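S.K.: Dropping a structure here in structure tokens format, bear with me for questions.
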Amino acid sequence: MRIFCKYIMRTMLEKKARLVLLLFAITLSTALFFASLGLTDLIVESVSRPIVEKTEEHHIRIVSETGDSFFSADDIVTAGIKSHTSSIVLPGVIQNLDHEIVTLHGRTWDSLSPYTFVDAPSEDSFSGSSAVISVRVAELFSLERGDALEVLFAGETHTLHVSGIVGNQGVFYGDTNRSFDVIVPYGYLAETLEVEGLYNHVTAVMGEDSLDASLVLFNEMNPDFRGIPLYNEDFVASMVNQQVNALYFMLVFIILVSGVIIHGAFKLIVTERRRVIGTFLSQGATKGTIRGILLAEGFVYGLVGGAFGILLGIGMLYVLHDYSSPLRAYGVVEPFRFAGALVVYAGLFAIGFAMVSALSPVIRSVRREVKNIILDIREPQRKKGALLFVLGTLLLCGSALLSYVSPPTAIDYAPFVMLSAIIGVLMVYPRVLDFLISLFFRRILPVFRLTALSIQNVRTSAALRGNITVIVIAAISVVTVVSLSSSMVRIVTDAFDSMRFDIYVHNIQTNDPGSRRTIMDTLREDERIVGESLMETTSVEGNVAGEFAIAEGIEPGRFDDFTDYIDFTHGDGNLLDALENAEERNTVIATTTAARLGLDVGSAVDLDFNGIVQTYTVTGIVDVRLWNTRDMFFVNLANLREDHHIDHGRIYFDTHENPETLVDELQDYFRNFGGIVQTRDEARDINIENNRQLSRMLSAFSLFAIVIGSFGALNNMFISCLQRKRDFAVLESLGTHQGQRNRILLTESLFCVVFALVVVVLYGNFHARLIGQVASFLLLPMDITFSLVEIFPFLLASIAIYTLATLPLLVKTRNLNVIEEMKIE
Amino acid sequence: MKNDMKKASDPCIKVEGLKKTFVNGTVTVEVLKGLDFTIAPGEFVSIMGPSGSGKSTLLYLLGALDTPTAGTVQMNGRNLHSMRGREKSRLRRTELGFVFQFYNLVPNLTVEENILLPIILDGKPLKMYKERLDELLRIIDMEDHRKHTPRKLSGGQQQRVAVARALIFDPGVLLLDEPTGNLDSKNSESLMRLVADINKTFGTTIVQVTHSDTFSTWGDRILHLEDGMFSD
């Protein structure tokens, strides 16, 4: 056993370049597998942690069942909860700094006990218009005790005085230079708002083992109140999952490319060791022993590559963790953690992946007669090309049939349909290649002799055809990313082009109806603004049937004219007409939402927004395309304001003047409310940039596929060259010089890459359709188009990369020893 | 002691109606055309013949490394080609020794590891064969090279190691495929002397394929093969 292990280690270390290639492929695949697996938890943790801190580790928000924003907390029965904190929470904007957005917390002195003050203020100093801020804010703005803060809230500017500075904990945890929290005495805010004894923000720590059990018990015992989850990690997870699923999808390409490479490398191992294998067999080794030794080698590659991959994966996760920490700029990075099970999964994946990829060459290694293995005599094999061609054609046709004839079914099984199509392409092309070369070889031989010989080599060398496979997979991954990215940009551009507005205001930090009316009156009175074009909408996140959902509050009579992006036409009428009368509480929902929640026209549905549940009737179902990819409910804006007490929103309008000039001027006004003013072009560009983050991540995967692929191609070239050393020696003995040999090798590479790219270009349009269906499967329904112009630079880059990968081979074959190669046989 | 040694009167190897045909596309080549012969225990037989006469094919069939198209090869009364794969492997490990023209040593293993390879493959404790290893190293005069890898050895040395490897299990039969084909005359003679000594000392049955008229006479009998048939 010891000698076997020693033998395996020696053979592994013998070929350093191959060792590196195999470890590289396994390491990268494992690392990406590990990182993709850990990403969801990581992002959820990164996003959740500051929220958990900010909520002071409370789990439940308590709202009044009457729907009143301000209510008394005296009658709350503490069943299902341990303790609760009552406060008034208001948004505001700082006037005397740089219009930072603040959240004011009206609290009692007792509720500040968990906070650590950097000085030692007394209860007496926490009175009147005093304010407690964090150390971070004090340092960022050079504030000291006694300094004044001019804060606009409840429609007026108020002067607060810093009376205490505390550590960056609790509600202050997420303070930044753009927005931060301030605690003021409850009495001061209550008096200012004339709501003494009432609160609008009551939170509690759960009292039972689970949040659900706590909520059930609390709600049973408190008929006048309702407990709702303060923060639901599932919401964040569901948002993150879309991106992670896309990464998993791209991971398939990496695994495919790496699998082909490991397969190729083991083919090379088997080719190189044919004499040793034969010797082992001649000395009485069973075929099982040989397979066992080779698979043990695969196991060790998997083990070592897996260990490196896990380390690299941890590194990747760490960088992503650091990058995704919202407070990184302030030196606050959450503790880096990952589930220990990930290491086990990734380790098993690496070992399994390496062994499965190696399986086929290992099994074939001892299929021949022992004598033929020893003497490397190739036995005539039954040609499988025709069978593969038929199977591949069936897979391709089956995928196409499903995709074009039954798109809903194709979407349900989209990843499998796409995988079938890709495998189909990989099975079909060798026969097509064979046919084309046999058709043209004799014709081009008299004119382009070396080119003809090179192309004929590609036809007969399984290793070179393996190269085409690697390049096809890598190029398909590129086509996927490029098509997806460009389609995303086009969709966002189309969406913005379909909206009729010049200027857009969002992020307004007030939920006060008075402030909103003031803003709208100001805009109406502005002569530069087209009064009748002013339109408001509101997007709010909530909960429907236990799932994360979005309500889009719109002005039904205006919205259809505002955008053509969604087609609300229904027969002779319009679906939005049913929303006109707010008292009827109607909603138009997204097609995907209807399917997922089992809703139909006429269904009653409880919409829980801002902690207030109201029953609505579904009056229409519409394809919202990519307006929003979550469960989506269009309601009358008035319903959100009156029934759910949501008074913030976005404002769109046209102008008689240059929008860019007006935006600069309006920005000063809206800064008082924390609002952001943008032209349509700016809003579109920002939206495109946000979408590009996903495509950048996918591009990274695609790049990995190309890089691994080029290494794999080089490996295949070596296999092919090794297998044809004697042929080269014969050619050399017949007078072929090194330059001609180099030309043959380069032409082979070039032909492989060009042929592979032609295959991908021909398959491109169908693939684009399949990407669209996979995108729909991932809840990002979009039409993907294949554009040769957009792909072209990548095609050129691929040709350059794969041609460059041939150079080491040219160097390696420079000193071909003709006598040695002829003699060995 | 020879493995499964039978009575001296029984043939060690018995070949009946042995045929081997190669098919390459539409071309069929009959390499062996129905051979019948026996080899007695302890006999030293040389097979000679021109290129393509089927010498090596015959040797590979005797060594259970190839499968006949028709006919049987019996070793100590057992039909080699009706054996299952594992039985054949066991036979090759323990009852047969095979020496190739190009030595076929495992480059990553040392001399002693190469010699012990059949034991390693058999899974027997290596300690049990330490004395046998030392004896063989002494016989082939490679005691000082036991830790060397094959690439540090000359052709003659490598071939001696290959012979020692073939003998580690003390097999009854040693098959040699042009053992001197890649050696100079001095090394060739030295190797053949070693083989002849083994034949005499251990009573090992030896079958060699050779082109050399000189070394073919070192055995007890010469079989001339021509066009897949024995000639007188």
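S.K.: State whether the residues of the range A:61-83 include one that is under 31 Å from the mean Cα position of the chain (by Cα) and either under 30 Å from A:Y248 (Cα atoms) or in contact (Cβ under 8 Å) with a residue 24 or more places away in the chain (or both).
M.R.: Yes; the residues of the range A:61-83 include at least one that is under 31 Å from the mean Cα position of the chain (by Cα) and either under 30 Å from A:Y248 (Cα atoms) or in contact (Cβ under 8 Å) with a residue 24 or more places away in the chain (or both).
S.K.: Which residues, counting only those in the range A:478-505, are surrounded by fewer than 18 Cβ atoms within 10 Å (Cβ to Cβ) and either touching a strand residue (DSSP E or B) at 6+ places or on another chain (Cβ under 8 Å) or among the small types (G, A, S) (or both)?
M.R.: A:S498, A:M499, A:R500
S.K.: Quick check on A:R273: is it modelled with pLDDT under 90 and more than 11 Å from chain B (Cβ to nearest Cβ)?
M.R.: no
S.K.: Would you kindly identify the strands (runs of 3 or more DSSP E) lying entirely within the range B:21-110 that contain at least 1 residues that are within 13 Å of chain A (Cβ to nearest Cβ)?
M.R.: Correct list: B:27-39, B:96-99.
S.K.: Can you tell me which residues in the range A:77-108 are of a type in the set (A, V, I, L, M) and either surrounded by 22 or more Cβ atoms within 10 Å (Cβ to Cβ) or in a strand (DSSP E or B) (or both)?
M.R.: Passing the criteria: A:I81, A:I88, A:V89, A:L90, A:V93, A:I94, A:I101, A:V102, A:L104.
S.K.: Taking the residues in the range A:770-793 that are in a loop (DSSP other than H, G, I, E, B) and β-branched (V, I, T) as candidates, determine which candidate is surrounded by the fewest Cβ atoms within 10 Å (Cβ to Cβ).
M.R.: Filtering the range A:770-793 for residues that are in a loop (DSSP other than H, G, I, E, B) and β-branched (V, I, T), the one surrounded by the fewest Cβ atoms within 10 Å (Cβ to Cβ) comes out as A:T785.
S.K.: For the range A:655-690, how many residues are touching a residue at least 40 places away in the same chain (Cβ under 8 Å) and surrounded by 16 or more Cβ atoms within 10 Å (Cβ to Cβ)?
M.R.: Qualifying residue count, the range A:655-690: 20.
S.K.: A follow-up question, please. Taking the range A:263-280 only, how many residues are without any contact (Cβ under 8 Å) to a residue 40 or more places away in the chain and surrounded by 23 or more Cβ atoms within 10 Å (Cβ to Cβ)?
M.R.: 1
S.K.: Go through (1) at pLDDT 75 or above; (2) within 20 Å of A:I261 (Cα to Cα); (3) away from chain B (no Cβ under 14 Å) for A:T11 and report which single condition fails.
M.R.: For A:T11, the failing item is (3).
S.K.: Among the residues of the range A:545-557, are any within 27 Å of A:G620 (Cα to Cα) and assigned to a helix (DSSP H, G or I)?
M.R.: Yes, that holds for at least one residue.
S.K.: Also, I was wondering about something else. State all residues of the range B:211-232 that are touching a helix residue (DSSP H, G or I) at 6+ places or on another chain (Cβ under 7 Å) and either modelled with pLDDT under 90 or of a type in the set (F, W, Y) (or both); if no residue qualifies, say none.
M.R.: B:F215, B:W218
S.K.: Oh, and also: Look through the range A:668-724, keep the residues that are in a helix (DSSP H, G or I) and hydroxyl-bearing (S, T, Y), and return whichever of them is modelled with the highest pLDDT.
M.R.: A:Y669
S.K.: Any residue that is part of a helix (DSSP H, G or I), among the hydroxyl-bearing types (S, T, Y) and more than 21 Å from A:N658 (Cα to Cα) - is there at least one of those in the range A:512-524?
M.R.: The answer is yes; a qualifying residue exists.
S.K.: Out of the residues in the range A:597-627 that are surrounded by fewer than 16 Cβ atoms within 10 Å (Cβ to Cβ) and under 28 Å from the mean Cα position of the chain (by Cα), which is nearest to A:T569 (Cα to Cα)?
M.R.: Among residues in the range A:597-627 that are surrounded by fewer than 16 Cβ atoms within 10 Å (Cβ to Cβ) and under 28 Å from the mean Cα position of the chain (by Cα), the one nearest to A:T569 (Cα to Cα) is A:D623.
S.K.: When the residues of the range A:13-51 are filtered to those that are touching a residue at least 12 places away in the same chain (Cβ under 8 Å) and out of contact with any helix residue (DSSP H, G or I) (no Cβ under 9 Å at 6 or more places or on another chain), which remaining residue is surrounded by the most Cβ atoms within 10 Å (Cβ to Cβ)?
M.R.: That would be A:R49.
S.K.: Please verify whether A:I423 is under 19 Å from A:H263 (Cα atoms) and without any contact (Cβ under 8 Å) to a residue 60 or more places away in the chain, treating the condition exactly as stated.
M.R.: In short, yes.
S.K.: Same structure, new question: Mind checking which residues of the range A:511-532 are of a type in the set (S, T, N, Q) and surrounded by 17 or more Cβ atoms within 10 Å (Cβ to Cβ)?
M.R.: Result: A:N511, A:S515.
S.K.: Here's something else I'd like to know. Quick check, is A:Y565 within 36 Å of the chain's Cα centre (by Cα), closer than 30 Å to A:R178 by Cα and either modelled with pLDDT of 85 or more or among the aliphatic types (A, V, I, L, M) (or both)?
M.R.: no
S.K.: Turning to a different aspect of this structure: Would you confirm whether any residue within the range B:123-132 is more than 11 Å from chain A (Cβ to nearest Cβ), of a type in the set (D, E) and out of contact with any Asp or Glu (no Cβ under 9 Å at 6 or more places or on another chain)?
M.R.: Within the range B:123-132, one or more residues are more than 11 Å from chain A (Cβ to nearest Cβ), of a type in the set (D, E) and out of contact with any Asp or Glu (no Cβ under 9 Å at 6 or more places or on another chain).
S.K.: Could you look through the range B:16-47, keep only residues that are touching a Leu at 6+ places or on another chain (Cβ under 7 Å) and among the aliphatic types (A, V, I, L, M), and pick out the one that is surrounded by the fewest Cβ atoms within 10 Å (Cβ to Cβ)?
M.R.: B:V45
S.K.: Please find, among A:T592, A:T661, the residue that is touching a Pro at 6+ places or on another chain (Cβ under 8 Å) and in a helix (DSSP H, G or I).
M.R.: A:T592
S.K.: I would also like to ask the following. Cβ contacts < 9 Å: first residue at pLDDT below 85, restricted to the range A:509-531; second residue surrounded by 14 or more Cβ atoms within 10 Å (Cβ to Cβ) and among the basic types (K, R), any location; separation 6+ or different chain. Result?
M.R.: If the second residue must be surrounded by 14 or more Cβ atoms within 10 Å (Cβ to Cβ) and among the basic types (K, R), the pairs left are A:T510/A:R516; A:P513/A:R641; A:R516/A:R641.
S.K.: Output yes when any residue across the range A:432-452 is assigned by TED's automatic domain parsing to the domain that holds A:V758, at pLDDT 85 or above, closer than 24 Å to A:G385 by Cβ and in contact with a His (Cβ under 9 Å, 6 or more places away or on another chain), and no when none is.
M.R.: Checked against the condition, which is being assigned by TED's automatic domain parsing to the domain that holds A:V758, at pLDDT 85 or above, closer than 24 Å to A:G385 by Cβ and in contact with a His (Cβ under 9 Å, 6 or more places away or on another chain), the range A:432-452 yields no hits at all.
The values are calculated or read from the model by the stated rules, or taken from the named source; none is laboratory data. Here the structure is a predicted model, which means the values were calculated and not measured. No Cβ is skipped: glycine too gets one built from the backbone with ideal geometry, and neighbour counts run over all protein chains shown.
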